[in-house]
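Novice: Provided herewith is a single structure, encoded as structure tokens, for subsequent inquiry.
Rule-based calculations on the coordinates, nothing more; no lab input. Owing to the predicted nature of the structure, the values given are computational and were not obtained by experimental measurement. Counting neighbours? That spans all protein chains shown, and the Cβs are built from the backbone with ideal geometry, glycine included.
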């Protein structure tokens with residue numbers, strides 16, 4: 001079955017796809033892979049939830065929902081903050097002092113600003129960051 005797209009006239013607002021164009025490259029969003037090592041408070045669910053909320057605000061994103069799960073063996077926390085602009089996920093290994101954050105955002109959000117929040121919240125001894133542009137046109 002063919003897909004029928006609506007026809008827009010001059011009176012309708014322009015459709016915004018939230019793709020980003022930076023340095024001549026157009027893409028869906030930035031996906032940061034953030035590893036925190038020698039970090040503190042990684043078994044504290046409330047601390048992690050507040051860090052997610054603060055990171056969303058710092059990045060200028062829109063929080064839709066947070067879901068976190070605390071594991072009884074080891075006390076690690078896994079979860080996701082669902083955003084209008086995509087998501088932030090977290091998985092912690094308190095016994096290793098390690099946390100894995102994925103920060104994927106599109107549009108005008110600034111995912112790199114989340115890193116300062118994570119530094120302040122968990123006081124890591126070392127941070128490793130990778131960045132991938134998703135949906136490059």
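Novice: Given 0.36 nm per residue, what is the gain on full extension from residue 120 to residue 25 after removing their alpha carbon distance, in nm?
Specialist: Details: separation 95, 0.36 × 95 = 34.20 nm, distance 3.19 nm.
Fully extending the segment from residue 120 to residue 25 adds 31.0 nm.
Novice: Moving to a separate point now. With springs only between Cα atoms under 10 Å, which of 47, 112, 22 fluctuates most in a Gaussian network model of the chain?
Specialist: 22
Novice: Okay, moving on. Taking the Cα-to-Cβ direction at residue 18 and at residue 132 and moving 7 Å from each Cα, how far apart do the two end points lie in nm?
Specialist: 1.9 nm
Novice: Of the residues 108, 73, 44, which exhibits the maximal mean-square fluctuation in a Gaussian network model of the chain defined by a 10 Å Cα contact cut-off?
Specialist: 73
Novice: To the nearest 10 degrees, how steeply does helix 45-59 sit against the main Cα axis of the chain, on a 0 to 90 scale?
Specialist: So the helix axis and the longest Cα principal axis differ by about 40 degrees.
Novice: Compute the long axis of helix 113-122 from its Cα atoms, compare it with the longest principal axis of the Cα atoms of the chain, and write down the angle in degrees, 0 to 90, nearest 10.
Specialist: Rounded to the nearest ten degrees, it is 10.
Novice: Modelled label-to-label distance, residue 54 and residue 102, 7 Å Cα→beta-carbon offset: nm?
Specialist: With each label placed 7 Å out from Cα toward Cβ, I get 2.5 nm.
Novice: Do the sum for the chain: with -39,500 (n - 2.57) for every DSSP H run of n ≥ 4, divided by all residues, what is the mean residue ellipticity at 222 nm, to the nearest 500 deg cm²/dmol?
Specialist: -5500 deg cm²/dmol
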